[in-house]
1. If packing is taken as the mean number of other Cβ atoms within 10 Å per residue, what is the order of B:369-377, B:386-394, A:24-32, A:11-19, highest first?
2. Name all residues of region B:168-201 having a backbone nitrogen under 17 Å from the label point set 7 Å from the Cα of B:K334 along its Cα→Cβ direction, giving them as ranges.
3. What percent do you get for the relative contact order of chain B when only Cα pairs under 8 Å and 6+ apart count?
4. List, in order, the whole-Hz ³J(HN,Hα) value for each residue of region A:50-65 obtained from phi through the Karplus relation with A = 6.51, B = -1.76, C = 1.60 and θ = phi - 60°; use x for Gly and Pro.
5. Extending each Cα 7 Å along its Cβ direction at A:E70 and B:V40, get the distance between those two points in nm, one decimal.
6. To the nearest 0.05, how large is the calculated FRET efficiency for A:Y29 and B:A71 if R₀ is 45 Å and r is the Cβ-Cβ distance?
7. Taking 7 Å along the Cα-to-C-beta vector as the label spot, tell me the A:V149-B:F150 distance in nanometres, rounded to one decimal.
8. Past 32 Å, Cα to Cα: identify those pairs from A:K71/B:K252; B:K166/B:K217; B:K166/B:K380; B:K192/B:K278; B:K166/B:K246; A:K102/B:K334, in the order given.
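The values are calculated or read from the model by the stated rules, or taken from the named source; none is laboratory data. What you are looking at is a predicted structure, and each value in this text was computed from that prediction instead of being measured. Cβ coordinates were reconstructed from backbone atoms using ideal geometry, including for glycine residues, and neighbour counts include every protein chain displayed. Keep in mind that these areas ignore ligands, DNA and RNA; they rest on the heavy atoms of the full protein, side chains included. Shrake-Rupley method; radii C 1.70, N 1.55, O 1.52, S 1.80 Å.
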Amino acid sequence: LAAMQVGTAHSDPNPNHVYFNSRGIWATYVIFIFITHFIVLSIPFISMALAWTLTCQIHNVITYFWLHWEKGAPFEPLDQGESRTLTHWEQLDDGVQFTANKKFLLVVPIVIFLLTTFYTRYDQIHFLVNALSLVLLAIVPKLPQLYRVRIFGINKW
Amino acid sequence: MLIFVADADVSWEFSDLIEAIYSAPTYHLVFEGCLILFIVGLLFQHSFLPSKRRGGSGDRLSKAEEDQLIAEWQPEPLVSGDPADEALLASYQRCATSQVGRSVTYSDGRTLVNFATGNFLDFIGEARIRDRALASLRHYGVGSCGPRGFYGTMDVHLHLEEQLAKFYGCEEAVLYSYGFSTIASAIPSYAKRHDIIFADERCCFAIQQGLEASRSKIIRFAHNDTAHLEELLQRQAEHDRRDPKKARVTRKFIVVEGLYVNCGDICPLGELVKLKYKYKVRLFVEESASLGTLGATRARHLRGGRRQRAGRGSDSGWNRECSGPLRGFVVGTKYVVDHQRLSGLGYCFSASLPPMLAAAASEALTMVDEMRGERTARLKSVSDRLHQRLLAELDNLWSVEGAPMSPIKHLRLHRCTGENSLPALEAACAAAADAGLLLTVARYVAQDLGQPAQPSIRLSVNCNHSDSEIGSLLDFLKSYATGLAKKCFQQLNISRKVRPWII
């Protein structure tokens, strides 16, 4: 992808801004979720409901750590340290809110939640657990009102 | 509760699942309805950049704002029309017909003794260096035609880096092709946005550019004042105690020059190294004027400081004055200095040092090694003698700034002689040219952020300046200043006659 060059005249100093526009990334993400789900489903003694809840939880927790907890980049970007205190979500698309990528990443956990509630037959406890993780881990951190906000200074540095 | 174990009682047929929707609790369906509305609303949102207040960079200007800004724009004149520039422009009319070494010949036939440009160990015009450079030129051509990572690395570069590392007693050296950009690239490659740099307030312009490019927090300490620096470091240590998480990710640096070009002072390196260890700060020493000019004392300090620590701190020198053709380098431990091979922008993205210059620099370093400090010692004694004579003979006429053994000195008109202004000093330099001496005013860029220094004449001493040349310099300075003082006194007398009530 031309935008993935670093250090040239037409490049972005931090590839984290642009790599989510690469061809096939959305499909890759969905395929990862499917693989996780199949692995969880393969565990023999748990019920269907638990399998779906587990998938939903694992997805929310892993995406939370990937997007909203770890800061900076695993390589040395050319942005003179700007992204050192920014989470991955804040780096995606260089801070622009409501881009296609961000809408996609917001919608996927919701769709997983809807499927999970369907497959758990609307059970109360499952609903509570999944809804909490959806709202707290998947939806709230992605809202533009929380852009660069660190509650109680947690994870600021 | 259909939780953990696969239960035979509960049916997981698809039709049963669909039926379960009808018996779902209301709060659940309401919640899901809200989520679906949220998705639908999301699809209609426009993308935007958060405003500056929220940490974003703000949306771009609207068309109307753009048009207004374009209509309001007035171009600045190309030439500022500042009278101070005229003297500078006039000096460009002067055309040298010889090498700018210890003496310079101009197109009008005059030969002037050079006290203006830095040629401390008198390597300019040295036959051995010139021959080596010419041999390299015939072998490699002129330019290297590429940065170090793209076919621009030649054996002369590697050889020179090894030589530099050995000369300084360090593990590794990194070679840059342009002196100015050495320190201006080295600082931002280590110091980033949330770091802290303690910089001396009289640092040169190249260091200031590096500090600005680093986007770090810059704290300036009073020139050569280690007590003030310690106070600032102590304050910072207290801030760190209050917020240890932030302190853990903040890097701290001290940036000083070995020999300050803008002052002629020498930095107190021993005390700085002590502070460095006490407060765990990395030290940058910019040695462009002190390579080979300050001799063994410096070397001992540097080597002593470096051997003890485990990989922090580096020396950077962009040496265009001492050994002539060398353009810039950074030395330090391998772990620290190697970082610049990928992060030093001047190293990665500029063509490498022309092999001819690298070979010449290598030869110059060999000469410095062979001479075992002979020229350096001579330079120090000449500078010292000049300093003593300046203090002794020109006491009330000129004020001297600079360490006694430093080859760079700054002269300013004493207030008894007259007003120390740039035009006055430039007139002095013009008069010096008539007397056979090449002097220059210290020039600064308009954006120089350091303490705006008083205008001065910057003297650069050469190790081979003879006593007679120094004598003629002092004679000129004395006679010129005495003449000025007389004029000033006469004017004062005239004004006294006109206004007798002023003492």
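1. Details: B:369-377: 14.4, B:386-394: 16.2, A:24-32: 11.9, A:11-19: 17.9.
Ranked from most to least packed, the peptides come out as A:11-19, B:386-394, B:369-377, A:24-32.
2. Label zone hits: B:168-175.
3. On the way: 789 pairs, mean separation 93.4, N = 503.
The normalised contact order for chain B reaches 19 percent.
4. Result, rounded to whole Hz: 5, 4, 5, 5, 4, 4, 4, 5, 4, 4, 5, 5, 5, 5, 5, 5.
5. 3.8
6. Working: r = 48 Å, r/R0 = 1.06.
With a Förster radius of 45 Å, E is 0.40.
7. Once both label points are built, they end up 4.6 nm from each other.
8. On the way: A:K71/B:K252 21 Å; B:K166/B:K217 34 Å; B:K166/B:K380 23 Å; B:K192/B:K278 23 Å; B:K166/B:K246 38 Å; A:K102/B:K334 42 Å.
Table pairs above 32 Å Cα-Cα are B:K166/B:K217; B:K166/B:K246; A:K102/B:K334.
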